[in-house]
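Undergrad: Dumping the structure here so I can ask a few things about it.
The values are calculated or read from the model by the stated rules, or taken from the named source; none is laboratory data. In this text, all values refer to a predicted model and were calculated from it rather than measured experimentally. Heads up, the Cβs are rebuilt from the backbone with ideal geometry, glycines too, and the neighbour counts pull from every protein chain shown. The accessibility values were calculated without ligands, DNA or RNA, using every heavy atom of the protein model including side chains. Shrake-Rupley method; radii C 1.70, N 1.55, O 1.52, S 1.80 Å.
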Amino acid sequence: MALRQIDHFLAGASPVQPTRFGDVHDPNSGGVQARVPLGDAQVLEAAVAAARQAQPGWAATNPQRRARVMFQFKALVEKNIDELARLLSSEHGKVVADARGDIQRGLEVIEFACGIPHALKGEYTPGAGPGIDVYSMRLPLGIGAGITPFNFPAMIPMWMFGVAIACGNAFILKPSERDPSVPVRLAELMLEAGAPAGILQVVHGDKEMVDAILDHPDIAAISFVGSSDIAQYIYSRGTANAKRVQAMGGAKNHGVVMPDADLDQVVADLAGAAFGSAGERCMALPVVVPVGEKTAIALREKMVTAMGRLRIGISTDPDADYGPVVNAAHKARVEGWIQKGVDEGAELVVDGRGFRLQGHEEGFFIGPSLFDHVKPTMESYREEIFGPVLQIVRADSFEEALALASRHQYGNGVALFTRNGHAAREFAARVNVGMVGINVPIPVPVAYHTFGGWKRSAFGDHNQHGPEGVRFWTKVKTVTQRWPDGTPDGGNAFVIPTMG
Ligand code: NAD
(Lines give C-alpha, C1' and ligand atoms only; values in the text may rest on other atoms or scores of the structure.)
Protein backbone atom coordinates (compact mmCIF):
# COMPACT_ATOMS: atom_id res chain seq x y z
CA MET A 1 0.00 0.00 0.00
CA ALA A 2 1.32 3.46 -0.91
CA LEU A 3 2.27 5.63 2.03
CA ARG A 4 0.10 8.61 2.91
CA GLN A 5 1.88 11.74 1.72
CA ILE A 6 1.78 14.87 3.85
CA ASP A 7 2.25 18.19 2.02
CA HIS A 8 3.42 21.66 2.89
CA PHE A 9 0.50 24.00 3.49
CA LEU A 10 1.23 27.01 1.31
CA ALA A 11 -0.96 29.80 -0.05
CA GLY A 12 0.09 28.74 -3.55
CA ALA A 13 1.48 25.62 -5.16
CA SER A 14 4.80 24.26 -3.98
CA PRO A 15 7.54 25.61 -6.29
CA VAL A 16 9.47 22.33 -6.38
CA GLN A 17 8.85 18.61 -6.30
CA PRO A 18 10.19 17.27 -3.02
CA THR A 19 13.26 15.10 -3.26
CA ARG A 20 13.86 14.39 0.42
CA PHE A 21 11.30 12.86 2.79
CA GLY A 22 11.03 11.96 6.45
CA ASP A 23 9.18 8.96 7.85
CA VAL A 24 6.20 9.47 10.14
CA HIS A 25 5.90 6.36 12.27
CA ASP A 26 2.98 4.58 13.84
CA PRO A 27 4.36 4.27 17.38
CA ASN A 28 1.80 1.59 18.27
CA SER A 29 2.88 -0.83 15.56
CA GLY A 30 6.42 0.38 14.94
CA GLY A 31 5.69 0.78 11.22
CA VAL A 32 5.83 3.82 8.95
CA GLN A 33 2.42 5.37 8.26
CA ALA A 34 3.22 8.44 6.17
CA ARG A 35 6.02 10.45 4.66
CA VAL A 36 6.60 14.14 4.93
CA PRO A 37 8.60 16.29 2.50
CA LEU A 38 11.75 17.87 3.92
CA GLY A 39 11.65 21.30 2.34
CA ASP A 40 14.37 23.77 1.48
CA ALA A 41 14.98 27.48 0.93
CA GLN A 42 12.89 27.46 -2.27
CA VAL A 43 9.80 26.23 -0.45
CA LEU A 44 10.38 28.79 2.27
CA GLU A 45 10.76 31.54 -0.32
CA ALA A 46 7.32 30.70 -1.73
CA ALA A 47 5.82 30.86 1.76
CA VAL A 48 7.53 34.17 2.55
CA ALA A 49 6.35 35.69 -0.75
CA ALA A 50 2.74 34.78 0.03
CA ALA A 51 3.07 36.01 3.62
CA ARG A 52 4.55 39.30 2.43
CA GLN A 53 1.54 39.81 0.19
CA ALA A 54 -1.08 38.89 2.76
CA GLN A 55 0.29 40.53 5.90
CA PRO A 56 -0.30 44.27 5.28
CA GLY A 57 -4.01 43.73 4.64
CA TRP A 58 -4.29 41.52 7.71
CA ALA A 59 -2.49 44.10 9.86
CA ALA A 60 -4.90 46.75 8.57
CA THR A 61 -7.92 44.59 9.47
CA ASN A 62 -9.26 45.96 12.72
CA PRO A 63 -8.39 43.90 15.80
CA GLN A 64 -12.01 43.03 16.51
CA ARG A 65 -12.32 41.38 13.11
CA ARG A 66 -9.08 39.52 13.62
CA ALA A 67 -10.47 38.34 16.95
CA ARG A 68 -13.60 37.06 15.18
CA VAL A 69 -11.42 34.77 13.07
CA MET A 70 -9.98 33.41 16.31
CA PHE A 71 -13.47 32.81 17.73
CA GLN A 72 -14.40 30.97 14.55
CA PHE A 73 -11.19 28.94 14.60
CA LYS A 74 -11.86 27.90 18.19
CA ALA A 75 -15.35 26.71 17.22
CA LEU A 76 -13.97 24.73 14.27
CA VAL A 77 -11.26 23.06 16.34
CA GLU A 78 -13.85 22.12 18.96
CA LYS A 79 -16.09 20.68 16.25
CA ASN A 80 -13.22 18.57 14.93
CA ILE A 81 -11.54 17.76 18.23
CA ASP A 82 -12.21 14.01 18.12
CA GLU A 83 -10.66 13.63 14.67
CA LEU A 84 -7.73 15.89 15.62
CA ALA A 85 -7.08 14.02 18.87
CA ARG A 86 -7.03 10.64 17.12
CA LEU A 87 -4.72 11.92 14.40
CA LEU A 88 -2.39 13.45 16.98
CA SER A 89 -2.37 10.28 19.06
CA SER A 90 -1.69 8.11 16.01
CA GLU A 91 1.53 9.98 15.15
CA HIS A 92 2.75 10.93 18.62
CA GLY A 93 1.72 7.87 20.62
CA LYS A 94 0.14 9.74 23.55
CA VAL A 95 -3.24 8.36 24.59
CA VAL A 96 -6.29 9.96 22.96
CA ALA A 97 -7.51 11.63 26.19
CA ASP A 98 -4.07 13.23 26.58
CA ALA A 99 -4.11 14.29 22.93
CA ARG A 100 -7.40 16.09 23.61
CA GLY A 101 -5.67 17.84 26.51
CA ASP A 102 -2.88 18.92 24.14
CA ILE A 103 -5.46 20.50 21.83
CA GLN A 104 -7.48 21.96 24.69
CA ARG A 105 -4.46 23.72 26.23
CA GLY A 106 -3.73 25.24 22.81
CA LEU A 107 -7.34 26.39 22.50
CA GLU A 108 -7.00 28.22 25.80
CA VAL A 109 -4.37 30.40 24.13
CA ILE A 110 -6.76 30.94 21.21
CA GLU A 111 -9.35 32.10 23.80
CA PHE A 112 -6.75 34.58 25.07
CA ALA A 113 -6.16 35.69 21.46
CA CYS A 114 -9.91 36.31 21.10
CA GLY A 115 -9.36 39.22 23.52
CA ILE A 116 -6.62 40.75 21.39
CA PRO A 117 -8.33 44.16 20.95
CA HIS A 118 -7.99 44.68 24.67
CA ALA A 119 -4.43 43.32 24.84
CA LEU A 120 -3.28 45.60 22.01
CA LYS A 121 -4.60 48.85 23.44
CA GLY A 122 -1.81 51.38 23.60
CA GLU A 123 -0.98 54.08 26.12
CA TYR A 124 -1.94 57.74 25.99
CA THR A 125 -0.81 60.77 27.96
CA PRO A 126 -2.74 63.93 27.18
CA GLY A 127 -0.95 67.15 28.01
CA ALA A 128 2.52 65.67 28.46
CA GLY A 129 3.76 69.22 27.74
CA PRO A 130 2.16 72.45 26.53
CA GLY A 131 -0.15 71.37 23.67
CA ILE A 132 1.66 68.04 23.58
CA ASP A 133 0.13 64.58 23.76
CA VAL A 134 2.07 61.33 23.74
CA TYR A 135 0.68 58.00 22.68
CA SER A 136 2.07 54.60 21.93
CA MET A 137 0.77 51.79 19.80
CA ARG A 138 1.62 48.12 19.50
CA LEU A 139 2.15 47.12 15.88
CA PRO A 140 2.79 43.72 14.33
CA LEU A 141 6.33 42.77 13.36
CA GLY A 142 5.44 41.50 9.87
CA ILE A 143 6.27 37.86 9.24
CA GLY A 144 6.98 35.55 12.16
CA ALA A 145 8.05 31.91 12.19
CA GLY A 146 7.59 29.10 14.68
CA ILE A 147 9.71 25.94 14.98
CA THR A 148 8.06 23.38 17.21
CA PRO A 149 8.86 20.06 18.94
CA PHE A 150 7.15 16.71 18.53
CA ASN A 151 5.73 16.43 22.02
CA PHE A 152 2.87 18.98 21.80
CA PRO A 153 2.02 19.16 18.09
CA ALA A 154 -1.22 21.11 18.73
CA MET A 155 -0.66 23.18 21.87
CA ILE A 156 2.73 24.67 21.06
CA PRO A 157 1.90 25.78 17.49
CA MET A 158 -1.27 27.40 18.92
CA TRP A 159 0.78 29.14 21.67
CA MET A 160 2.70 30.80 18.89
CA PHE A 161 0.43 31.42 15.91
CA GLY A 162 -2.62 32.22 18.08
CA VAL A 163 -0.98 35.31 19.51
CA ALA A 164 1.21 36.19 16.50
CA ILE A 165 -1.68 36.17 14.03
CA ALA A 166 -4.13 37.94 16.35
CA CYS A 167 -1.52 40.70 16.66
CA GLY A 168 -1.59 41.17 12.87
CA ASN A 169 1.43 39.14 11.77
CA ALA A 170 1.66 36.48 9.08
CA PHE A 171 3.04 33.22 10.44
CA ILE A 172 5.09 30.39 8.97
CA LEU A 173 5.11 27.23 11.05
CA LYS A 174 7.80 24.55 10.79
CA PRO A 175 6.42 21.75 12.93
CA SER A 176 8.28 18.65 14.05
CA GLU A 177 8.77 16.29 11.13
CA ARG A 178 7.90 13.40 13.47
CA ASP A 179 4.18 14.26 13.85
CA PRO A 180 3.36 16.94 11.26
CA SER A 181 -0.29 16.17 10.39
CA VAL A 182 -2.15 18.04 13.13
CA PRO A 183 -0.30 21.32 12.49
CA VAL A 184 -1.41 21.09 8.84
CA ARG A 185 -5.02 20.43 9.90
CA LEU A 186 -4.89 23.47 12.20
CA ALA A 187 -3.72 25.64 9.30
CA GLU A 188 -6.57 24.33 7.14
CA LEU A 189 -9.03 25.21 9.89
CA MET A 190 -7.58 28.74 10.22
CA LEU A 191 -8.21 29.26 6.52
CA GLU A 192 -11.75 27.94 6.91
CA ALA A 193 -12.20 30.27 9.90
CA GLY A 194 -11.50 33.26 7.68
CA ALA A 195 -7.77 33.93 7.98
CA PRO A 196 -6.64 35.13 4.53
CA ALA A 197 -4.47 32.74 2.49
CA GLY A 198 -0.82 33.32 3.36
CA ILE A 199 -1.49 34.32 6.97
CA LEU A 200 -0.78 30.84 8.33
CA GLN A 201 1.39 28.49 6.27
CA VAL A 202 3.15 25.27 7.21
CA VAL A 203 6.52 24.25 5.78
CA HIS A 204 7.99 20.89 6.68
CA GLY A 205 11.60 20.00 7.06
CA ASP A 206 14.65 19.46 9.18
CA LYS A 207 17.82 21.50 9.78
CA GLU A 208 17.95 22.68 6.17
CA MET A 209 14.54 24.34 6.43
CA VAL A 210 15.28 25.69 9.92
CA ASP A 211 18.50 27.30 8.68
CA ALA A 212 16.64 28.86 5.77
CA ILE A 213 14.20 30.37 8.28
CA LEU A 214 17.03 31.62 10.50
CA ASP A 215 18.70 33.36 7.57
CA HIS A 216 15.67 34.77 5.73
CA PRO A 217 15.84 38.57 5.80
CA ASP A 218 12.05 39.01 5.66
CA ILE A 219 11.31 36.94 8.77
CA ALA A 220 11.29 39.37 11.68
CA ALA A 221 10.87 37.03 14.63
CA ILE A 222 11.30 33.37 15.48
CA SER A 223 9.72 31.42 18.27
CA PHE A 224 11.29 28.04 18.99
CA VAL A 225 10.49 25.21 21.38
CA GLY A 226 12.62 22.07 21.51
CA SER A 227 15.80 20.74 23.10
CA SER A 228 18.32 23.11 24.69
CA ASP A 229 21.31 22.75 22.38
CA ILE A 230 19.13 23.45 19.36
CA ALA A 231 17.37 26.29 21.24
CA GLN A 232 20.72 27.93 21.91
CA TYR A 233 21.74 27.50 18.28
CA ILE A 234 18.45 29.05 17.10
CA TYR A 235 18.88 31.94 19.51
CA SER A 236 22.49 32.62 18.49
CA ARG A 237 22.00 32.40 14.74
CA GLY A 238 18.61 34.16 14.74
CA THR A 239 19.79 37.10 16.86
CA ALA A 240 23.03 37.32 14.85
CA ASN A 241 20.71 37.93 11.91
CA ALA A 242 19.04 40.73 13.92
CA LYS A 243 15.80 38.83 14.50
CA ARG A 244 13.77 38.78 17.65
CA VAL A 245 14.07 35.24 19.06
CA GLN A 246 12.49 33.37 21.93
CA ALA A 247 13.83 29.81 22.24
CA MET A 248 12.51 27.42 24.88
CA GLY A 249 14.67 24.40 25.67
CA GLY A 250 14.74 21.19 27.67
CA ALA A 251 13.93 20.52 31.28
CA LYS A 252 14.55 18.36 34.31
CA ASN A 253 11.83 19.31 36.78
CA HIS A 254 12.15 18.36 40.43
CA GLY A 255 9.32 17.45 42.79
CA VAL A 256 10.38 18.14 46.38
CA VAL A 257 8.45 16.14 48.98
CA MET A 258 8.46 17.46 52.56
CA PRO A 259 7.98 15.07 55.50
CA ASP A 260 4.54 16.59 56.21
CA ALA A 261 3.17 16.02 52.67
CA ASP A 262 0.18 13.76 52.03
CA LEU A 263 2.19 10.89 50.52
CA ASP A 264 -0.72 9.05 48.92
CA GLN A 265 -1.70 12.21 47.06
CA VAL A 266 1.93 12.90 46.15
CA VAL A 267 2.43 9.42 44.72
CA ALA A 268 -0.76 9.68 42.65
CA ASP A 269 0.35 13.09 41.36
CA LEU A 270 3.91 11.99 40.70
CA ALA A 271 2.90 8.87 38.83
CA GLY A 272 0.88 10.99 36.39
CA ALA A 273 3.52 13.71 36.13
CA ALA A 274 6.45 11.31 35.67
CA PHE A 275 4.90 8.68 33.41
CA GLY A 276 1.98 10.45 31.67
CA SER A 277 2.64 10.84 27.94
CA ALA A 278 5.53 8.36 28.51
CA GLY A 279 7.44 11.18 30.19
CA GLU A 280 7.65 13.14 26.92
CA ARG A 281 6.67 16.46 28.48
CA CYS A 282 8.89 19.43 29.26
CA MET A 283 6.78 19.92 32.38
CA ALA A 284 7.00 16.27 33.47
CA LEU A 285 8.43 15.58 36.94
CA PRO A 286 11.25 13.08 36.29
CA VAL A 287 13.09 13.82 39.58
CA VAL A 288 11.63 13.42 43.04
CA VAL A 289 13.46 14.75 46.08
CA PRO A 290 12.13 13.32 49.35
CA VAL A 291 13.32 15.28 52.38
CA GLY A 292 14.49 13.00 55.17
CA GLU A 293 15.13 9.25 55.31
CA LYS A 294 11.62 8.35 56.53
CA THR A 295 9.99 10.25 53.66
CA ALA A 296 12.30 8.57 51.14
CA ILE A 297 11.59 5.04 52.38
CA ALA A 298 7.80 5.51 52.49
CA LEU A 299 7.68 7.32 49.14
CA ARG A 300 9.75 4.66 47.38
CA GLU A 301 7.56 1.85 48.71
CA LYS A 302 4.31 3.54 47.71
CA MET A 303 5.73 4.50 44.31
CA VAL A 304 6.76 0.94 43.49
CA THR A 305 3.20 -0.20 44.31
CA ALA A 306 1.69 2.57 42.17
CA MET A 307 3.99 1.73 39.26
CA GLY A 308 2.90 -1.89 39.41
CA ARG A 309 -0.64 -0.71 38.68
CA LEU A 310 0.25 1.44 35.67
CA ARG A 311 -1.29 0.27 32.44
CA ILE A 312 0.69 0.72 29.25
CA GLY A 313 -1.29 0.28 26.08
CA ILE A 314 -1.75 1.41 22.52
CA SER A 315 -2.65 5.07 22.29
CA THR A 316 -6.28 4.35 21.40
CA ASP A 317 -6.80 2.09 24.43
CA PRO A 318 -9.12 4.14 26.69
CA ASP A 319 -7.82 2.34 29.78
CA ALA A 320 -4.12 2.95 29.08
CA ASP A 321 -2.27 5.37 31.36
CA TYR A 322 0.32 5.97 28.71
CA GLY A 323 1.27 4.75 25.25
CA PRO A 324 4.46 4.28 23.24
CA VAL A 325 7.22 6.85 22.77
CA VAL A 326 7.43 8.63 19.46
CA ASN A 327 9.90 6.50 17.49
CA ALA A 328 12.51 3.76 17.67
CA ALA A 329 15.43 6.20 17.94
CA HIS A 330 13.84 7.87 20.96
CA LYS A 331 13.10 4.51 22.56
CA ALA A 332 16.76 3.52 22.15
CA ARG A 333 17.87 6.87 23.58
CA VAL A 334 15.71 6.51 26.71
CA GLU A 335 16.87 2.94 27.25
CA GLY A 336 20.44 4.13 26.80
CA TRP A 337 19.93 6.61 29.66
CA ILE A 338 18.59 3.83 31.88
CA GLN A 339 21.75 1.82 31.22
CA LYS A 340 23.83 4.93 31.90
CA GLY A 341 22.13 5.33 35.31
CA VAL A 342 22.97 1.72 36.15
CA ASP A 343 26.59 2.20 35.03
CA GLU A 344 26.89 5.34 37.15
CA GLY A 345 25.88 3.41 40.25
CA ALA A 346 22.28 4.48 40.82
CA GLU A 347 19.97 1.72 42.12
CA LEU A 348 17.51 0.61 39.43
CA VAL A 349 14.50 -0.32 41.56
CA VAL A 350 12.09 -0.93 38.67
CA ASP A 351 13.44 -1.64 35.17
CA GLY A 352 11.07 -0.72 32.34
CA ARG A 353 13.33 -1.96 29.57
CA GLY A 354 12.31 -4.96 27.56
CA PHE A 355 8.61 -4.26 27.99
CA ARG A 356 6.62 -5.79 25.13
CA LEU A 357 2.93 -5.22 24.61
CA GLN A 358 1.20 -8.38 23.49
CA GLY A 359 0.04 -8.07 19.89
CA HIS A 360 2.17 -4.91 19.43
CA GLU A 361 5.62 -6.34 19.97
CA GLU A 362 7.25 -3.95 17.48
CA GLY A 363 5.64 -0.81 19.01
CA PHE A 364 7.84 1.75 20.76
CA PHE A 365 6.75 0.89 24.29
CA ILE A 366 8.86 1.35 27.40
CA GLY A 367 7.75 0.24 30.84
CA PRO A 368 8.07 2.66 33.79
CA SER A 369 11.47 2.78 35.49
CA LEU A 370 12.44 3.93 38.97
CA PHE A 371 15.92 4.81 40.19
CA ASP A 372 16.88 5.45 43.81
CA HIS A 373 20.09 6.87 45.29
CA VAL A 374 20.67 9.05 42.23
CA LYS A 375 23.47 11.56 42.89
CA PRO A 376 23.68 15.14 41.56
CA THR A 377 27.04 14.36 39.96
CA MET A 378 25.57 11.66 37.68
CA GLU A 379 25.14 12.52 34.03
CA SER A 380 21.81 10.68 33.96
CA TYR A 381 20.62 13.24 36.55
CA ARG A 382 22.14 16.30 34.92
CA GLU A 383 20.71 15.57 31.45
CA GLU A 384 17.12 15.27 30.25
CA ILE A 385 15.93 11.69 29.62
CA PHE A 386 12.44 12.53 28.27
CA GLY A 387 10.99 9.09 28.89
CA PRO A 388 9.04 7.14 31.55
CA VAL A 389 11.89 7.21 34.07
CA LEU A 390 11.63 8.60 37.62
CA GLN A 391 14.79 9.32 39.63
CA ILE A 392 14.83 9.62 43.43
CA VAL A 393 17.49 12.00 44.72
CA ARG A 394 17.43 11.93 48.52
CA ALA A 395 17.96 15.14 50.51
CA ASP A 396 18.48 15.64 54.25
CA SER A 397 16.86 19.05 54.51
CA PHE A 398 14.61 21.60 52.86
CA GLU A 399 17.66 23.75 52.10
CA GLU A 400 19.44 20.86 50.37
CA ALA A 401 16.36 20.11 48.24
CA LEU A 402 15.93 23.78 47.36
CA ALA A 403 19.59 24.01 46.34
CA LEU A 404 19.34 20.90 44.14
CA ALA A 405 16.52 22.33 42.03
CA SER A 406 18.10 25.78 42.02
CA ARG A 407 21.53 24.61 40.87
CA HIS A 408 20.36 22.30 38.09
CA GLN A 409 21.26 23.50 34.60
CA TYR A 410 17.57 23.47 33.63
CA GLY A 411 15.01 25.71 35.27
CA ASN A 412 11.70 25.05 33.58
CA GLY A 413 9.35 23.84 36.33
CA VAL A 414 9.51 22.61 39.91
CA ALA A 415 6.97 21.45 42.49
CA LEU A 416 6.91 21.40 46.27
CA PHE A 417 4.59 19.06 48.16
CA THR A 418 3.89 20.19 51.72
CA ARG A 419 1.22 21.23 54.19
CA ASN A 420 3.44 23.99 55.56
CA GLY A 421 2.54 27.44 54.20
CA HIS A 422 5.77 29.03 55.36
CA ALA A 423 7.92 26.40 53.61
CA ALA A 424 5.83 26.84 50.48
CA ARG A 425 6.22 30.59 50.53
CA GLU A 426 9.98 30.37 51.07
CA PHE A 427 10.34 27.82 48.30
CA ALA A 428 8.34 29.82 45.75
CA ALA A 429 10.30 32.98 46.53
CA ARG A 430 13.78 31.48 46.52
CA VAL A 431 13.89 28.63 44.01
CA ASN A 432 15.86 29.46 40.85
CA VAL A 433 13.27 28.08 38.42
CA GLY A 434 10.74 29.83 36.16
CA MET A 435 7.48 27.97 36.92
CA VAL A 436 6.63 26.73 40.41
CA GLY A 437 3.89 24.39 41.61
CA ILE A 438 2.84 24.22 45.25
CA ASN A 439 1.10 20.86 45.59
CA VAL A 440 0.58 21.15 41.81
CA PRO A 441 2.73 18.60 39.97
CA ILE A 442 2.60 20.14 36.48
CA PRO A 443 2.48 23.91 36.97
CA VAL A 444 1.81 24.96 33.37
CA PRO A 445 0.45 28.51 33.73
CA VAL A 446 -2.97 29.36 32.30
CA ALA A 447 -3.03 31.05 28.90
CA TYR A 448 -3.48 34.60 30.19
CA HIS A 449 -0.34 34.25 32.31
CA THR A 450 2.83 33.26 30.50
CA PHE A 451 4.91 30.13 30.02
CA GLY A 452 8.68 30.14 30.28
CA GLY A 453 11.56 28.58 32.16
CA TRP A 454 14.92 29.89 33.27
CA LYS A 455 18.57 28.96 32.76
CA ARG A 456 19.09 26.45 29.91
CA SER A 457 15.32 25.99 29.60
CA ALA A 458 14.85 29.28 27.75
CA PHE A 459 16.93 31.68 25.69
CA GLY A 460 15.59 35.16 24.95
CA ASP A 461 13.61 37.66 26.93
CA HIS A 462 9.93 37.00 26.43
CA ASN A 463 7.80 34.07 27.53
CA GLN A 464 5.16 32.30 25.46
CA HIS A 465 1.54 33.55 25.32
CA GLY A 466 -0.28 35.90 27.66
CA PRO A 467 0.88 39.53 27.85
CA GLU A 468 4.50 38.45 27.23
CA GLY A 469 3.41 36.79 23.99
CA VAL A 470 1.79 40.03 22.87
CA ARG A 471 5.00 41.91 23.68
CA PHE A 472 7.05 39.39 21.72
CA TRP A 473 4.89 39.56 18.60
CA THR A 474 4.57 43.38 18.48
CA LYS A 475 6.78 46.42 18.40
CA VAL A 476 5.93 49.70 20.07
CA LYS A 477 5.74 52.98 18.28
CA THR A 478 5.49 56.13 20.39
CA VAL A 479 4.15 59.36 18.92
CA THR A 480 4.76 62.77 20.49
CA GLN A 481 2.42 65.27 18.88
CA ARG A 482 2.04 68.98 19.24
CA TRP A 483 -0.87 71.10 18.12
CA PRO A 484 0.38 74.66 18.63
CA ASP A 485 -2.20 77.38 19.14
CA GLY A 486 -0.33 79.79 16.90
CA THR A 487 1.59 81.73 19.53
CA PRO A 488 5.35 81.24 19.17
CA ASP A 489 6.67 79.19 22.10
CA GLY A 490 9.90 81.14 22.28
CA GLY A 491 11.92 78.00 23.00
CA ASN A 492 15.46 77.42 21.84
CA ALA A 493 15.30 74.90 18.99
CA PHE A 494 18.96 74.03 19.52
CA VAL A 495 18.48 72.68 23.02
CA ILE A 496 17.17 69.16 23.62
CA PRO A 497 13.42 69.62 24.19
CA THR A 498 12.14 69.04 27.72
CA MET A 499 8.63 69.17 29.10
CA GLY A 500 9.73 71.98 31.41
P1 NAD B 1 14.22 18.93 18.95
O2 NAD B 1 15.10 19.98 19.51
O3 NAD B 1 14.83 17.68 18.44
O4 NAD B 1 13.35 19.51 17.73
C5 NAD B 1 12.65 20.72 17.84
C6 NAD B 1 12.57 21.36 16.47
O7 NAD B 1 13.89 21.67 16.01
C8 NAD B 1 11.93 20.46 15.40
O9 NAD B 1 11.06 21.22 14.62
C10 NAD B 1 13.13 19.96 14.61
O11 NAD B 1 12.84 19.71 13.26
C12 NAD B 1 14.13 21.09 14.74
N13 NAD B 1 15.51 20.61 14.72
C14 NAD B 1 15.97 19.40 15.11
N15 NAD B 1 17.29 19.32 14.94
C16 NAD B 1 17.70 20.50 14.44
C17 NAD B 1 18.97 21.04 14.08
N18 NAD B 1 20.09 20.34 14.20
N19 NAD B 1 19.03 22.30 13.61
C20 NAD B 1 17.91 23.03 13.50
N21 NAD B 1 16.67 22.57 13.83
C22 NAD B 1 16.57 21.33 14.31
O23 NAD B 1 13.12 18.60 20.09
P24 NAD B 1 12.04 17.43 20.11
O25 NAD B 1 12.73 16.15 20.36
O26 NAD B 1 11.13 17.56 18.94
O27 NAD B 1 11.21 17.85 21.40
C28 NAD B 1 11.57 17.49 22.69
C29 NAD B 1 12.37 18.59 23.37
O30 NAD B 1 11.62 19.78 23.43
C31 NAD B 1 12.70 18.24 24.81
O32 NAD B 1 14.00 18.68 25.09
C33 NAD B 1 11.69 19.05 25.61
O34 NAD B 1 12.06 19.35 26.94
C35 NAD B 1 11.61 20.28 24.77
N36 NAD B 1 10.40 21.02 25.04
C37 NAD B 1 10.52 22.20 25.72
C38 NAD B 1 9.39 22.92 26.03
C39 NAD B 1 9.51 24.23 26.76
O40 NAD B 1 8.57 25.00 26.71
N41 NAD B 1 10.61 24.53 27.42
C42 NAD B 1 8.13 22.45 25.63
C43 NAD B 1 8.06 21.25 24.93
C44 NAD B 1 9.20 20.54 24.62
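Undergrad: Among the residues of segment 199-222, what is the count of those that are open to solvent by 30 Å² or more (accessible area, probe 1.4 Å) and near the ligand (Cβ under 10 Å from one of its atoms)?
TA: Residues meeting the conditions: 3.
Undergrad: Sort through 179, 133 and tell me the only one that's within 16 Å of the ligand (Cβ to nearest atom) and either out of contact with any Lys or Arg (no Cβ under 7 Å at 6 or more places or on another chain) or closer than 30 Å to residue 284 by Cα (or both).
TA: 179
Undergrad: Here is a check on your reading of the model: is residue 324 in a loop (DSSP other than H, G, I, E, B), within 23 Å of residue 89 (Cα to Cα) and open to solvent by 10 Å² or more (accessible area, probe 1.4 Å)?
TA: No.
Undergrad: OK, next. What strands (runs of 3 or more DSSP E) completely inside segment 147-235 contain at least 3 residues that are aliphatic (A, V, I, L, M)?
TA: Once the strands (runs of 3 or more DSSP E) in segment 147-235 are filtered for at least 3 residues that are aliphatic (A, V, I, L, M), what remains is 170-174, 221-225.
Undergrad: Same structure again: Among what's in segment 228-245 and is surrounded by fewer than 18 Cβ atoms within 10 Å (Cβ to Cβ) and small (Gly, Ala, Ser), pick the residue that is nearest to the ligand (Cβ to nearest atom).
TA: Here the residue is 236.
Undergrad: So is residue 160 in contact with a Ser or Thr (Cβ under 6 Å, 6 or more places away or on another chain) and either touching a residue at least 40 places away in the same chain (Cβ under 8 Å) or buried (at least 22 other Cβ atoms within 10 Å of the Cβ) (or both) or not?
TA: Criteria met by residue 160.
Undergrad: Considering segment 257-316 alone, what residues qualify as being in contact with a Ser or Thr (Cβ under 7 Å, 6 or more places away or on another chain) and either closer than 22 Å to residue 28 by Cβ or within 16 Å of the ligand (Cβ to nearest atom) (or both)?
TA: 315, 316
Undergrad: If I ask for residues that are closer than 17 Å to residue 152 by Cβ and in contact with a strand residue (DSSP E or B) (Cβ under 8 Å, 6 or more places away or on another chain), which ones from segment 442-457 would you list?
TA: Correct list: 442, 443, 444, 445, 450, 451, 452, 453, 457.
Undergrad: Taking segment 161-176, which residues are within 11 Å of the ligand (Cβ to nearest atom) and touching a helix residue (DSSP H, G or I) at 6+ places or on another chain (Cβ under 8 Å)?
TA: Listed by number, the residues that qualify are 173, 174, 175.
Undergrad: Something else: Please tell me if residue 186 is within 14 Å of the ligand (Cβ to nearest atom) and open to solvent by less than 10 Å² (accessible area, probe 1.4 Å).
TA: Answer is no for this residue.
Undergrad: Further question on the same structure: Go through segment 215-228 residue by residue and tally those that are over 19 Å from the mean Cα position of the chain (by Cα) and not charged (D, E, K, R).
TA: Total satisfying the criteria: 4.
Undergrad: Does residue 463 fit the bill of being on the phi > 0 side of the Ramachandran plot and at pLDDT 95 or above?
TA: It is false that residue 463 is on the phi > 0 side of the Ramachandran plot and at pLDDT 95 or above.
Undergrad: Right, another one. Looking only at segment 341-381, count every residue that is within 24 Å of residue 249 (Cα to Cα), in a loop (DSSP other than H, G, I, E, B) and open to solvent by 50 Å² or more (accessible area, probe 1.4 Å) and tell me the total.
TA: Number of matching residues: 3.
Undergrad: Inspect segment 276-284 for any residue being over 30 Å from residue 428 (Cβ atoms) and either touching a residue at least 60 places away in the same chain (Cβ under 8 Å) or not assigned by TED's automatic domain parsing to the domain that holds residue 371 (or both) and give the result as yes or no.
TA: Checking segment 276-284: not a single residue is over 30 Å from residue 428 (Cβ atoms) and either touching a residue at least 60 places away in the same chain (Cβ under 8 Å) or not assigned by TED's automatic domain parsing to the domain that holds residue 371 (or both).
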